[in-house]
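Read through the structure below, which is laid out as structure tokens, and then see the notes.
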Amino acid sequence: MAEKLPIVYVRGFAGDTAGIDRVVTDPFYGFNEGSTHIRIGPDDEPCFYQFESPLLRLHLDEGYQILVDGGQELYLASHDTIPPDTIWVHRFYDASATTWGTKPREFRLETAAQDLMRLIGTIREKSGAPRVHLVAHSMGGLVCRCLIQKILPDLGRDPADWVGKLFTYGTPHGGITFDAGFGVLERLRDLTGINGADIFGPERMYAYLTPSALLDPDGPPDDWDPRAMAPDQPFAFPRERVFCLVGTDPADYDVAHGLSAAAVGPRSDGLVQIDNAYVPGAHVTYVHRSHSGRYGLVNSEEGYQNLRRFLFGDRRVEAALVGHRLSRPSDTAWQAEVRLSVRGLQIVTHERMSAQWCSIQLPAGAADGAGPVPLASTFLCSVLRPGESATLRYALHLRILSLRRRDGLLSFRDHLEQTADFDDILVVDVDADTTAAVPALSATWNSDIAGPIRDYRPSGAPGLSDEDPADGVWVHHIELPATTVPILGDGARIRLTVTPWE
């Protein structure tokens, strides 16, 4: 199991003064909010499902504590030592509220990041923990990135010495942009800075995400990407220690009576567009959840299960499509849809679907096959196997779909809507013994399983072999069913890669 480090939660944008005043009445800034609705099944009907909140679940599942004595800051001030397995809420909005009877301080993202650094320093000193994990929603992820990419590097400090892992829910890593308005709404927001929302525009993002030594006084270069956490900059934080949870459900985001979702567009979580919600090179998972609300990312089982496995998992598994050569590349567009399910969970931990505007676009393969196409990445927690099962079981549902183009337009003459050219499920069993130097895996396609998947047990034959001689890396290529040869060619494989994770 991964080391138990203190967790610091950083909430998202509150808006105007009235919004800030509402936020500060919550003792845990929303990390304690649960839910009683979930969407299950293809019929999209809501069913009762009680999720107790990430705060309570970390307390129950991982033994974390939330320490308060008239306030968490007061607790820190009045105790010389604290245990490392604790949760702390960065209450950066308190100083900007009008409800305390004192003059409020204007909110600045850089100040919130500086205050976060001081909080982390105190927690590290009193817990003896070398680092903390940061868990952030929405704008909170930008506060964390400001700390990691600017505040600490400007002081000559390596953020990897302060932060273990960064998990973001629906953070606008690429800013907030709109489908409507042809860019006018963004320019008006950035020009007026209404309610401080210019922090989601490129000028302000460049200022608080760029170290002073690299800052161009003329503003961001034309090719500057706010999502980037460049590995070649001084004190660069490892992107493999960053996880971005991306929401794909705008319909359930009802802020401003749905006007926000309408302006941002369908390819979003209702506030943050899908393409702006991740850091390139980081771990990225897609779930059909909205930015917040009763179907929100933070108060969801999907979010929590990804968070728990990222923070405390012991192995990382990546699945990619390799060696494929798509037929008729000149007039056919190919897409893949994937869903990742875990035995024992009532939710899908990762899904990229055409209907949710996040399918995987498959490039045309060259004569020697196309490059790898990532399908899914997940983290294994050996202690989480259900019941008496000796294995962790995962199901990767893969669909390959095609759309024909004629004269630059989609042709539907021979089209069957939402009907896949290939549709099967790869069932993977992983031995839960973390002491083994090489993981024992077995895999089979659902089309080869007789009867229900729940009744399937891997045979006693040796598991999948390791095709990579390097220590610490396990690789195996799994053949696709023969029915895919006319579509993907005879060289297409699913490549599983397993590496240690801590």
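Data for the structure
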{"quantity": "Within the stretch 449-482, tally of residues that are of a type in the set (S, T, N, Q) and either under 21 Å from residue 424 (Cα atoms) or within 28 Å of the chain's Cα centre (by Cα) (or both)", "calculated": "1"}
{"quantity": "Check on residue 75, open to solvent by less than 50 Å² (accessible area, probe 1.4 Å), aromatic (Phe, Trp, Tyr) and closer than 23 Å to residue 309 by Cα", "calculated": "no"}
{"quantity": "Qualifying residue in the stretch 109-128 (condition: touching a strand residue (DSSP E or B) at 6+ places or on another chain (Cβ under 8 Å), open to solvent by 40 Å² or more (accessible area, probe 1.4 Å) and either in contact (Cβ under 8 Å) with a residue 60 or more places away in the chain or over 24 Å from residue 19 (Cβ atoms) (or both))", "calculated": "yes"}
{"quantity": "Exclusive hit being under 13 Å from the mean Cα position of the chain (by Cα) and open to solvent by 40 Å² or more (accessible area, probe 1.4 Å), set 288, 257", "calculated": "288"}
{"quantity": "Number of the condition not met by residue 317 [criteria: (1) closer than 26 Å to residue 382 by Cα; (2) free of Cβ contacts under 8 Å to residues at least 12 places away in the same chain]", "calculated": "(2)"}
{"quantity": "Selected residue [in the same structural domain as residue 477 (by the TED database), out of contact with any Asp or Glu (no Cβ under 6 Å at 6 or more places or on another chain), modelled with pLDDT of 90 or more and within 29 Å of residue 60 (Cα to Cα)] from 340, 380, 426", "calculated": "340"}
{"quantity": "First in the stretch 216-231 and assigned by the TED database to the domain that holds residue 283, second anywhere and open to solvent by less than 60 Å² (accessible area, probe 1.4 Å) and outside any loop (DSSP other than H, G, I, E, B), Cβ under 6 Å, 6 or more apart", "calculated": "220/206; 226/205"}
{"quantity": "Some residue of the stretch 321-332 being crowded, with 17+ Cβ neighbours inside 10 Å, aliphatic (A, V, I, L, M) and not assigned by the TED database to the domain that holds residue 175", "calculated": "yes"}
{"quantity": "From 269, 275, residue being surrounded by fewer than 24 Cβ atoms within 10 Å (Cβ to Cβ), of a type in the set (Asp, Glu) and assigned by the TED database to the domain that holds residue 165", "calculated": "275"}
{"quantity": "Any hit, the stretch 83-90, residues being open to solvent by 10 Å² or more (accessible area, probe 1.4 Å), touching a residue at least 24 places away in the same chain (Cβ under 8 Å), under 13 Å from residue 7 (Cβ atoms) and among the acidic types (Asp, Glu)", "calculated": "yes"}
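The values are calculated or read from the model by the stated rules, or taken from the named source; none is laboratory data. Nothing here was measured: the structure is a model prediction, and the numbers come from that model. Positions of Cβ are generated from backbone atoms using ideal geometry, with glycine treated the same way; all protein chains shown enter the neighbour counts. Quick note on the areas: whole protein, heavy atoms, side chains included, nothing else; ligands and nucleic acids left out. Shrake-Rupley method; radii C 1.70, N 1.55, O 1.52, S 1.80 Å.
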